[in-house]
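Enquirer: I have a structure here, written as structure tokens, and I will follow up with some questions on it.
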Amino acid sequence: MLGRITIGCLILGMQLHWCDTVRAEKFRIATKPSQEKRLSPELDVLRHCNGRLMGFCKRGKPIIDVPKEQTNTLRSMALAVDESVPQVVDRPMRLLITYDQLAGKPTTATLQTAGLKAVEDYQHGSFLIVEPVETVSAQTVETLLNDEAVVHAAPDYVMSVPSNQTFRMVEATADTETPTDPLWSYLWGMKNINANKVWRTHRDASKVIVAVIDTGVDYTHPDLKNNIWTKNGSHGYDFFDDDNQPMDEQGHGTHCAGTIAAEGNNGAGVVGVCWKAQIMAMRFLGPDGSGSTADAVKCIDWAVANGAHVLSNSWAGPENSVELAAAITRAEQKGVLFVAAAGNTVNTGNNNDTNPYYPAAFANANMITVGAIDVNNAAGTFTHYGKISVDIGAPGVGIVSSMPNNRYAQLDGTSMAAPHVAGAAALVWAKAFATPAQTPAQMTRVRDLILQNARPVPALQNLWGYSSPARVPGGVLDLAFMVEATPDPTTPTPQPPVTRRFIERRAVIDPTRLR
Amino acid sequence: MTCFTTLGMILLGCASCAAEPAGAKPTDEAVHVVCHGRLLQGVVAIGGDTTGTTVSFDGMTWDLKLNDQLRQQLAGNELRQVTVTGQLRRVQAVERPYCVVDVEKLIERDPKAPKPKAEVTVTGTLALPASNTLPKSISVAGESWPIVWGTDSKLQAQAVALAGKTVVVHGTAEANTEGGSKKFPIFHIEQLQAK
């Protein structure tokens with residue numbers, strides 16, 4: 001529903017934009033000459049690079065596709081505001097309609113009814129470029145609202161750059177609390193759990209293997225590929241299709257993986273709780289996001305047998321399973337931490353103590369079950385809870401992370417909260433043990449450090465955090481305990497200069513929800 | 001044999017529902033379905049967005065909402081092929097939109113028997129197209145379901161005449177392959193009457 005409202009707002013904003021006289025902010029931007037079309041996840045407005053960048057403003061403020069944060073980024077990329085840049089004229093205003101790959105794409109009939117005609121279907125980025133046949137009307141808005149395939153619609157702004165300049169090199173900041181990943185400003189969750197403060201001294205968990213048991217992982221994603229576990233050419237296993245190519249066809253697992261360990265300070269996309277870690281890609285959920293408990297069990301056993309230290313599980317179901325419980329117990333006996341999402345129920349949540357979802361409600365000693373909080377430290381309206389069965393809260397509303405095909409998206413759910421804890425566990429494991437190993441002692445230590453150092457939030461104290469061994473009622477994940485007052489000067493900081501660059505994929509991000 | 005014994009047990013458990021003939025027209029806005037497919041229990045999904053039981057057929061998978069009695073009767077039984085009768089609705093969950101059938105009746109079916117397409121009887125309001133064309137969707141309790149019409153010119157003319165009105169339509173449910181979507185079905189309408 002929110003998405004639909006957003007589309008409406010976007011398009012209505014667009015209508016206003018087209019109807020009114022619009023003042024334009026103009027920037028020159030430093031970049032290298034290129035004949036390529038370039039897209040930027042930093043700037044939803046950018047598309048063409050032929051000599052000039054233009055970001056539109058309305059009544060002195062950026063219109064809906066240029067939220068404040070993006071404008072700052074835009075300004076930082078601009079050499080100067082250049083009023084001499086001529087207006088863009090005589091060019092048909094176009095729309096970019098991002099579509100949901102699973103829901104298909106807007107049909108020809110939809111476009112005709114909306115008074116639009118397709119110019120190009122950019123399938124790699126999952127969006128259509130369309131032009132209005134005549135004028136955009138309420139019918140356009142209504143038609144797009146009624147098409148389930150439409151995720152996002154926005155004007156296709158004209159952007160161009162001088163052809164005789166080169167990329168402006170941007171030194172990676174010495175202050176590693178602020179990584180160079182361009183979507184950093186949207187990652188409120190990392191700040192909420194104080195991960196950024198820890199990164200000054202601890203950000204590398206490359207010896208820790210985190211299995212993402214989910215819809216698979218896009219192990220070719222530029223923000224993930226350097227943090228993917230590999231053994232004999234395999235990056236995990238696919239028990240949905242029963243092969244060794246656990247490529248994500250849905251997106252959910254890739255999003256979870258990005259929160260755990262999207263490569264940090266690489267000038268692209270997002271950053272995970274760990275800048276370095278080994279993501280083991282496990283797939284048992286199909287393209288529709290569902291799967292069988294039997295295949296989940298196989299994933300757990302496979303990941304444990306192949307050395308995973310942490311299992312990240314952002315899935316659940318209402319039916320108890322002896323086999324699933326046994327698999328988690330086997331992991332427990334090997335010393336593997338099992339992080340589980342508490343589950344979602346729209347608007348109301350659910351008490352897992354009285355109406356359990358599994359595996360979240362299992363009471364194994366190696367389990368951390370995670371509820372979702374929002375940017376205000378309030379419980380997500382959907383989050384499952386339970387004083388006994390849920391252990392801790394973590395960011396799970398408006399979480400931006402990686403998606404297949406070099407895209408990024410913002411999602412809600414306890415599925416997004418659990419990877420924050422899984423990533424934190426990996427970071428804690430790497431700090432606590434020079435040689436991470438599957439042992440009950442190490443696993444217990446990591447679990448206790450996570451739970452005992454939770455930040456109590458009074459408003460959440462009736463929701464979770466009452467079970468042993470760590471009783472922090474209303475506790476929220478917080479890595480502040482890892483912060484060291486003085487960074488170790490002998491620790492090398494691998495920060496080569498990186499290039500602020502455009503990325504040739506459009507971020508699937510709804511800018512209005514990022515404000 | 002065990003499975004067919006279960007069949008009787010489940011039928012008994014739904015005696016009141018079984019009295020309703022298949023394809024009966026519901027009185028309020030609803031999508032009434034009769035489908036035949038493979039039953040899977042112990043289903044999990046991203047974010048827990050599932051009822052835990054599904055039926056899969058013809059490229060579609062629908063979650064099944066079972067009452068306690070049916071749930072207890074199914075527990076431990078290895079039913080594979082079933083016929084499900086109930087009301088279809090959409091669930092806009094947090095992480096995963098999906099279809100749910102509120103099950104009224106569930107019986108085991110012979111896997112070797114011919115499998116008909118899923119039948120739907122929909123009471124709802126036909127969309128009012130911009131011009132004098134065929135309605136492309138039917139609104140049922142606030143949810144819009146895509147529909148297509150056959151080549152029957154009489155049926156098409158009737159559909160145009162009843163656009164914007166409350167009707168009862170009957171047809172089959174098929175995977176919405178346009179754009180590769182398998183989330184929600186598309187209804188192929190074969191019969192139409194004003195309500």
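Enquirer: Within the stretch B:99-128, which residues are within 12 Å of chain A (Cβ to nearest Cβ) and touching a Gly at 6+ places or on another chain (Cβ under 8 Å)? Quick ask: steps written out before the conclusion?
Expert: Residues of the stretch B:99-128 that are within 12 Å of chain A (Cβ to nearest Cβ), as a first pass: B:99, B:127-128.
Residues satisfying the conditions are B:127, B:128.
Enquirer: Looking at the structure I just gave you, is residue A:314 of a type in the set (S, T, N, Q), within 11 Å of chain B (Cβ to nearest Cβ) and closer than 19 Å to residue A:425 by Cβ?
Expert: Working: of a type in the set (S, T, N, Q): yes; within 11 Å of chain B (Cβ to nearest Cβ): yes; closer than 19 Å to residue A:425 by Cβ: yes.
Spelling it out, residue A:314 is indeed of a type in the set (S, T, N, Q), within 11 Å of chain B (Cβ to nearest Cβ) and closer than 19 Å to residue A:425 by Cβ.
Enquirer: Testing residue B:175 on (1) crowded, with 16+ Cβ neighbours inside 10 Å; (2) farther than 20 Å from residue A:108 by Cβ; (3) not polar (S, T, N, Q), one condition comes back false. Which one is that?
Expert: Residue B:175 satisfies every listed condition except (2).
Enquirer: Keeping to the stretch A:411-436, report how many residues are crowded, with 24+ Cβ neighbours inside 10 Å and away from every other protein chain (no Cβ under 14 Å). Outline the logic, then answer.
Expert: First pass over the stretch A:411-436, keeping only residues crowded, with 24+ Cβ neighbours inside 10 Å: A:413-429.
Of the ones still in play, those that are also away from every other protein chain (no Cβ under 14 Å) are A:420-429.
Going through the stretch A:411-436 one residue at a time, the tally reaches 10.
Enquirer: Mind telling me which of the residues A:451, A:463 ends up being at pLDDT 95 or above and not in a loop (DSSP other than H, G, I, E, B)?
Expert: Working: A:463 fails: not in a loop (DSSP other than H, G, I, E, B).
So the residue among A:451, A:463 that is at pLDDT 95 or above and not in a loop (DSSP other than H, G, I, E, B) is A:451.
Enquirer: Also, I was wondering about something else. In the stretch A:222-232, is there at least one residue being in a loop (DSSP other than H, G, I, E, B) and of a type in the set (Val, Ile, Thr)?
Expert: Of all residues in the stretch A:222-232, those in a loop (DSSP other than H, G, I, E, B) come to A:222-224, A:229-230, A:232.
With of a type in the set (Val, Ile, Thr) added as a condition, the list becomes A:230.
So far as the stretch A:222-232 goes, yes, one or more of its residues are in a loop (DSSP other than H, G, I, E, B) and of a type in the set (Val, Ile, Thr).
Enquirer: Any residue in the stretch B:103-121 that is in contact with a Pro (Cβ under 9 Å, 6 or more places away or on another chain) and not small (Gly, Ala, Ser)?
Expert: Our first condition is that a residue be in contact with a Pro (Cβ under 9 Å, 6 or more places away or on another chain); within the stretch B:103-121, this holds for B:118, B:120-121.
Now restrict to residues that are not small (Gly, Ala, Ser): B:120-121.
The answer is yes; a qualifying residue exists.
Enquirer: Given the condition among the hydroxyl-bearing types (Ser, Thr, Tyr), modelled with pLDDT of 95 or more and under 20 Å from residue A:364 (Cα atoms), answer yes or no: does some residue in the stretch A:417-438 qualify?
Expert: no
Enquirer: Across the stretch B:41-77, what is the total count of residues that are away from every other protein chain (no Cβ under 11 Å) and at pLDDT 90 or above?
Expert: Number of matching residues: 5.
To keep it simple, each residue is scored yes or no on (1) touching a residue at least 60 places away in the same chain (Cβ under 8 Å); (2) touching a His at 6+ places or on another chain (Cβ under 8 Å).
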residue: A:259; (1), (2): yes, yes
residue: A:266; (1), (2): yes, no
residue: A:271; (1), (2): yes, no
residue: A:277; (1), (2): yes, no
residue: A:280; (1), (2): yes, yes
residue: A:292; (1), (2): no, no
residue: A:296; (1), (2): yes, no
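Enquirer: With respect to residue A:390, determine if the residue is within 11 Å of chain B (Cβ to nearest Cβ), surrounded by 24 or more Cβ atoms within 10 Å (Cβ to Cβ), more than 19 Å from residue A:205 (Cα to Cα) and in contact with a strand residue (DSSP E or B) (Cβ under 7 Å, 6 or more places away or on another chain). Don't jump to the end; show me each part of the working.
Expert: Values: within 11 Å of chain B (Cβ to nearest Cβ): no; surrounded by 24 or more Cβ atoms within 10 Å (Cβ to Cβ): yes; more than 19 Å from residue A:205 (Cα to Cα): yes; in contact with a strand residue (DSSP E or B) (Cβ under 7 Å, 6 or more places away or on another chain): yes.
No; evaluated as a whole, the condition is false for this residue.
Enquirer: As an exercise: evaluate residue B:33 against (1) at the interface with chain A (Cβ under 7 Å from one of its Cβ atoms); (2) assigned to a strand (DSSP E or B) and give the number of the one condition it does not meet.
Expert: Of the numbered conditions (1) at the interface with chain A (Cβ under 7 Å from one of its Cβ atoms); (2) assigned to a strand (DSSP E or B), the odd one out for residue B:33 is (1).
The values are calculated or read from the model by the stated rules, or taken from the named source; none is laboratory data. Predicted model, so just to flag it, every value in this text is computed and none were measured. Cβ sites come from the backbone with ideal geometry, for glycine too, and all protein chains shown count toward neighbours.
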